[in-house]
1. Between residue 458 and residue 555, what is the spin-label point distance in nm, taking each point 7 Å from the Cα along the Cα→C-beta axis?
2. Give, in whole angstrom and from largest to smallest, the semi-axes √(5λ) of the equivalent ellipsoid of segment 424-608, with λ running over the eigenvalues of the Cα gyration tensor.
3. Could you state how much accessible area residue 181 has, in square angstrom rounded to the nearest 10, with a 1.4 Å probe and all protein chains kept in place?
4. Per 0.36 nm of contour for each residue apart, how much would the distance between residue 488 and residue 576 grow if the chain were fully extended, relative to their Cα-Cα spacing?
5. Residues with beta-carbon under 9 Å from that of residue 391, excluding residue 391: net charge, scoring Lys, Arg +1 and Asp, Glu -1?
6. Using the Cβ atoms and a cut-off under 13 Å, what net charge is assigned to the surroundings of residue 290, where Lys and Arg are +1 and Asp and Glu are -1?
7. Please tell me the relative contact order of segment 500-560 in percent, rounded to the nearest whole number, where contacts are Cα pairs under 8 Å and at least six residues apart.
8. DSSP loop GluC sites (Glu not before Pro) in segment 158-248 with at most 16 other Cβ atoms within 10 Å of their Cβ, which ones?
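The values are calculated or read from the model by the stated rules, or taken from the named source; none is laboratory data. Note that the structure is predicted; figures quoted are calculated from it, not measured. Positions of Cβ are generated from backbone atoms using ideal geometry, with glycine treated the same way; all protein chains shown enter the neighbour counts. Protein only, heavy atoms only, side chains kept; ligands, DNA and RNA dropped before computing areas. Shrake-Rupley method; radii C 1.70, N 1.55, O 1.52, S 1.80 Å.
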Amino acid sequence: MRVAHSNVSGLVSLEKDAGKTEPRRESPRAARKIKKSSRKKRAKEVEQAEEHMQDSPAEKRSRQDAEAEGNADADGQVRGSGGGEEQAMAVAAEETTLLEANSIVLGGFGKKVVQKVQRVLPHWLAQPKLVHKGIKQNLVPIQNVPGIHPRLLKKLQENNIRSFFPVQSEVIPTILDTVSHGFLVGRGGYQPSDICVSAPTGSGKTLAFVIPVVQALLERVVCQVRALVVLPTKELAQQVCKVFSAYVNGTGLRVVMVTGQKSFAKEQEALVQKTIAGYRSQADIVVATPGRLVDHIEQTPGFSLKHLRFLVIDEADRMIDSMNQDWLTYVNSSVFHAEDSNPSMLFTRKEPGPVTAASTCLPRLPLQKLLFSATLTHNPEKLQQLGLYKPCLITSVYSERQKVTAERETGEGTESSYSLPEGLTQYYVPCNLNSKPLILLYFLLAMKFPCVLCFTNSREVSHRLFLLVQAFGGVRVSEFSSRLTPGERRRTLKEFEQGKIQLLISTDATARGIDIKGVKCVINYDAPQYIRTYIHRVGRTARAGRAGLAFTMLLKVQEQRFLQMLKDAGTPGLQKQLVKSERLKYLLPQYQEALSQLQTSVKEERSEMFA
Ligand SMILES: Nc1ncnc2c1ncn2[C@@H]1O[C@H](COP(=O)(O)OP(=O)(O)OP(=O)(O)O)[C@@H](O)[C@H]1O
């Protein structure tokens, strides 16, 4: 039976069911003892009560008299007054003790001292190789970086690259070192380490993997898919594909992009060719988005990754977030469990495991993973999903001050070190909902900001803001979001890069990785929710050591949280930029007109949608 009663703190406690829960304080033995003694006492009380009932009438009367005078106790012995109460209290106290001994406290909402869990990171994460340099002061002439093939040096010069950025001069030799004995076997026959690179936006990570991958494959004889680069968006894949194409040009290596920009059949044709002897790979390097890649692994006959040597995961933290698409499982099964794998192959394919005598008997073709991101997670559980082998981490920071420790957006409570571009100047602009569009127009019209990339938090806001600015006039404006077809998106980015668009209003579709050289200023029209989003958005400017401005519009209610988020992240020097309402006044009449025009446009669009 469960009996509810109040304990001292007023919380309700339940007498536990026998055998279901354990006594709260006493050991089982002590509890049994207490129970036994209480049973004895109760028996004694019952006995005495019975005796009391059996008294002769005379005795009863004298007892009653004595009781009336308050002088009788339960034993029939005459005591001092109040003896009954005392006894009742003693019994109650005893029962409470007994019940407490046999009960658990539910709730327990009082403050408890919780011991802080000390996080212990794996050594490779806790002790990264730090590239502690700024871009401009630490350019390394390309000839000074050891191991680069003369052919590639020539290509670099052709592409106007005279010096390497710090992260490139560190990462390129590290990767090249792992292929110093050719790409078919690791050094000494061992599986090479996977390499993770965490470096700020615009620090040149793309070239840091393009150069060593192309160099490693320069000597290949048969065309097979040996490098696979996976990226989260089509635009990024296209960008990376362009860089690869610039460096494989004239080498005989082939790069194929599979992102869904072309029809599936066209991509299949580009990947494999059917001959009388079977299927022949047409690609050495495949640049892909995860969904389309899985489609080809499943549905393209002859497309195989069994010769894959490099798996490059760009924007790695974002790609980890998309692990639920299971793309890595498909890649692994295509690499290690290919149906047409030949057991008599000189180089075996086995997933990396412990080094044993048996494992070193046959030469193994290793699969090396290369991870790149400006906001690489330091969460071991997340990284574990990638199945990294003896990874090493290269982290680039400009200064201790700019070392950002944050990963609050995921709420995972783990610390990561991010850093922002050296040439970035950041401001926040206090505003209210009505003044937001006016401030944006003021920046563009009065302050004449050229080439502005403006971020909103949704495609609806992007579209309306675009319509509003268009209706206002005087600004060459475009929008970029999933409302546009891939072709329109490509065209828009091109025009923006060519300077034909002054203001590009975008969702977070352009927040990551997109490299548009002329972006002078980023405006967060809607404040980003997470530090990672902020870092990628503002990283569209101040690239490659250039200067750039970032403005974040903040409503009063957002100010504290946002500034705290940046402060927690250790982001220095966010300055306040006030725009006084008097300065916006001259825009008001035209703005009112634009608003009513916007209403008409929205109505028209709605009626078109439901027509
Ligand atoms: N050694 C170099 N010399 C001159 N320019 C370079 C060099 N390396 C890269 N760049 C240029 O710097 C810009 C940024 O490079 P990249 O896009 O690789 O940066 P990133 O680190 O990948 O940035 P994000 O994290 O935003 O993706 C590009 O325009 C690129 O052409």
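1. The two pseudo-label positions are separated by 1.2 nm.
2. They are 24, 21, 16 Å, listed from largest to smallest.
3. Here the accessible area works out near 110 Å².
4. 28.0 nm
5. Working: positive: 369, 390; negative: 194.
Net local charge, residue 391 excluded: +1.
6. Numbers: positive: 234, 292, 318; negative: 295, 298, 314, 315, 321, 326.
Value of the local net charge: -3.
7. 38 percent
8. Taking segment 158-248 and a limit of 16 other Cβ atoms within 10 Å, the loop GluC sites (Glu not before Pro) found are 219.
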